[in-house]
Amino acid sequence: MDSPVGGARIVPVVVLQDAASAHPLADALVAGGIRCAEITLRTAAGLDAIDALRDRQDIVVGAGTVLSPEQVDDVADAGARFAVSPGFDPRVLERCLARGIPLVPGVATATEIQQALGRGLRHLKLFPAKQIGGLDAIRAFAGPFPDACFMPSGGVSPANASDYLAHAAVFAVSGSWMVPSDALEAGDFTRIEELSRRALAAL
């Protein structure tokens with residue numbers, strides 16, 4: 001099964017306050033070697049930013065913090081290539097299936113993993129990864145759920161990203177260390193490009 005994030009190994013979690021920053025941000029990520037981004041719906045600018053990037057071919061743009069079927073419609077209409085949710089909600093999954101948009105649902109327990117696998121989902125967001133055991137949790141879940149592939153999120157950093165990615169059950173990691181809020185707010189895209197380059201070099 002193809003990765004919903006286009007084969008990316010690092011997925012930046014982006015919280016934008018201004019949709020006008022969408023293209024400069026995408027330019028910086030691509031220049032730094034990162035070709036995927038999860039733009040969250042935590043701010044009003046998120047949806048507009050996704051829409052602004054819909055025609056770009058050099059970066060795979062998805063929507064994060066998708067919590068309802070209505071938001072699935074919104075991000076699908078905006079051109080998101082995938083959706084990420086912090087938990088597993090069958091209503092969100094059903095709407096994603098209806099709209100033809102891949103979903104990476106959040107899971108934190110064996111029950112949620114089993115439910116997601118039972119619905120045909122293999123690529124899952126382990127969230128919040130640090131708080132539920134990090135790599136130890138992945139090792140524990142990989143035994144009974146060999147078909148599950150995880151994208152840990154929450155507490156992922158330059159210090160542990162490569163350790164996560166070394167595990168066969170991890171298809172990607174997500175985090176915001178290469179897109180810090182102060183750099184976004186200051187429009188410091190040169191810094192974001194450099195942090196992106198360092199993130200990839202550390203793997």
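The values are calculated or read from the model by the stated rules, or taken from the named source; none is laboratory data. Since this is a predicted model, take the numbers as computed values, not measurements. Ideal geometry is used to build each Cβ from the backbone, glycine not excepted, and the neighbour counts take in all protein chains shown. Just so you know, the surface numbers come from the protein's heavy atoms only, side chains and all, with ligands and any DNA or RNA stripped out. Shrake-Rupley method; radii C 1.70, N 1.55, O 1.52, S 1.80 Å.
Only one of Ala183, Ala201, Ala168 is without any contact (Cβ under 8 Å) to a residue 60 or more places away in the chain, out of contact with any His (no Cβ under 6 Å at 6 or more places or on another chain) and under 16 Å from Ala137 (Cβ atoms). Can you tell me which?
On the way: Ala183 fails: under 16 Å from Ala137 (Cβ atoms); Ala201 fails: under 16 Å from Ala137 (Cβ atoms).
Going through Ala183, Ala201, Ala168 in turn, the sole match is Ala168.
Only one of these conditions is not met by Ala116: (1) part of a helix (DSSP H, G or I); (2) open to solvent by less than 50 Å² (accessible area, probe 1.4 Å); (3) under 29 Å from Ala19 (Cα atoms). Which number is it?
Exception for Ala116: condition (3).
Taking Leu121 as the residue in question, decide whether it is more than 14 Å from the chain's Cα centre (by Cα) and surrounded by 22 or more Cβ atoms within 10 Å (Cβ to Cβ).
Details: more than 14 Å from the chain's Cα centre (by Cα): yes; surrounded by 22 or more Cβ atoms within 10 Å (Cβ to Cβ): yes.
Judged against the criteria, Leu121 is a match.
Residues of region 100-113 being surrounded by 16 or more Cβ atoms within 10 Å (Cβ to Cβ) and either farther than 21 Å from Gly143 by Cβ or within 13 Å of the chain's Cα centre (by Cα) (or both), which ones?
Matches in region 100-113: Ile101, Pro102, Leu103, Val104, Pro105, Gly106.
Tally the residues that are touching a His at 6+ places or on another chain (Cβ under 9 Å) and not in a helix (DSSP H, G or I), restricting the search to region 8-55.
Count: 1.
Filter region 99-144 down to residues that are more than 30 Å from Ala78 (Cβ to Cβ) and of a type in the set (Phe, Trp, Tyr), then give me how many there are. Show your work before the answer.
Of region 99-144, the ones more than 30 Å from Ala78 (Cβ to Cβ) are 109-111, 114, 130-144.
Now narrow it down to the ones that are of a type in the set (Phe, Trp, Tyr): 141.
Residues that pass the stated criteria total 1.
Limited to region 166-186, what total is found for residues that are open to solvent by 20 Å² or more (accessible area, probe 1.4 Å), under 23 Å from Ala201 (Cβ atoms) and not polar (S, T, N, Q)?
Count: 7.
Residues of region 132-153 being part of a loop (DSSP other than H, G, I, E, B) and touching a helix residue (DSSP H, G or I) at 6+ places or on another chain (Cβ under 9 Å), which ones?
Narrowing region 132-153 to residues part of a loop (DSSP other than H, G, I, E, B): 132-133, 143-148.
Within region 132-153, Gly133, Pro144, Phe145, Asp147, Ala148 qualify.
Identify all residues within region 154-165 that are in contact (Cβ under 8 Å) with a residue 12 or more places away in the chain and in a loop (DSSP other than H, G, I, E, B); write none if there are none. Please lay out each step first, then the result.
We begin by selecting, within region 154-165, every residue in contact (Cβ under 8 Å) with a residue 12 or more places away in the chain; these are 154-158, 160-165.
Those that are in contact (Cβ under 8 Å) with a residue 12 or more places away in the chain and in a loop (DSSP other than H, G, I, E, B): Gly154, Gly155, Val156, Ser157, Pro158, Asn160.
Sort out which residues of region 35-87 are open to solvent by 40 Å² or more (accessible area, probe 1.4 Å), without any contact (Cβ under 8 Å) to a residue 60 or more places away in the chain and in contact with a strand residue (DSSP E or B) (Cβ under 6 Å, 6 or more places away or on another chain), and write them in order of number.
If the condition is that a residue be open to solvent by 40 Å² or more (accessible area, probe 1.4 Å), without any contact (Cβ under 8 Å) to a residue 60 or more places away in the chain and in contact with a strand residue (DSSP E or B) (Cβ under 6 Å, 6 or more places away or on another chain), then Pro86 is the only one that fits.
I'd like the full set of residues that are in contact with a Gly (Cβ under 7 Å, 6 or more places away or on another chain) and either part of a helix (DSSP H, G or I) or not hydroxyl-bearing (Ser, Thr, Tyr) (or both), limited to region 64-94.
Initial filter on region 64-94 (in contact with a Gly (Cβ under 7 Å, 6 or more places away or on another chain)): 80-88.
The answer is Ala80, Arg81, Phe82, Ala83, Val84, Pro86, Gly87, Phe88.
Report every pair of residues separated by at least 6 positions or lying on different chains whose Cβ atoms are under 7 Å apart, first residue within region 97-112 and within 14 Å of Ser68 (Cα to Cα), second open to solvent by 60 Å² or more (accessible area, probe 1.4 Å) and not acidic (Asp, Glu).
Final answer for the pair search is Gly106/Phe127.
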